[in-house]
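A quick write-up on the structure given underneath.
What follows is calculated from the coordinates using simple rules that are stated; it is not laboratory data. Keep in mind it's a predicted model, so treat the numbers as computed, not measured. Cβ coordinates were reconstructed from backbone atoms using ideal geometry, including for glycine residues, and neighbour counts include every protein chain displayed.
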């Protein structure tokens, strides 16, 4: 992580053509990373981790949180165009919010003081924020939407969780024992990867 400056930055650089090209590049990497999903032993099969937030977080650190949100938006939009939707766009909007809840807070904190310590604090705050927001959105938006989209009662979705974890018996325990660990693990893994690679690749994407 860069320690080149400790000067607070109070405004985002204007996005020119070069910045938009970089945003497009990072979004393209993100959409490719979405294709590689890893199943988890503690969650139903429809919860699989991908690392598409890695280029989004890199963009937040290098070009600011607004640019990072644009990368997330383009990623979701491209995925919507390529694969379509079963939820009339509700799932895509929810995923955009959850992705931004990790990367944007981290970018805002890192922008104030571009140090290794602030990067770690930002990623920790982002991971917690994503976990909390992810639980809320899954419980009240995503899971009910998927239940309707696939013509399944909510109890059927919960039973899929029970099959992999006997502690999951209702919606609350589903969120606590499947959704929360999923988002927490994803936030930690994405943060570790970005922490390890950012210093080497950031000169390519920084805006001056």
- Do you know which residues across region 112-127 are surrounded by 18 or more Cβ atoms within 10 Å (Cβ to Cβ), part of a helix (DSSP H, G or I) and over 15 Å from the mean Cα position of the chain (by Cα)? 118, 119
- Task: Filter region 128-168 down to residues that are surrounded by fewer than 17 Cβ atoms within 10 Å (Cβ to Cβ) and assigned to a loop (DSSP other than H, G, I, E, B) and give me whichever is nearest to the chain's Cα centre (by Cα).
- Result: 150
- Hey, residue 86 touching a helix residue (DSSP H, G or I) at 6+ places or on another chain (Cβ under 8 Å) and without any contact (Cβ under 8 Å) to a residue 24 or more places away in the chain or not: no
- For region 95-111, indicate whether the set of residues that are touching a residue at least 24 places away in the same chain (Cβ under 8 Å), surrounded by fewer than 24 Cβ atoms within 10 Å (Cβ to Cβ) and not in a helix (DSSP H, G or I) is non-empty. no
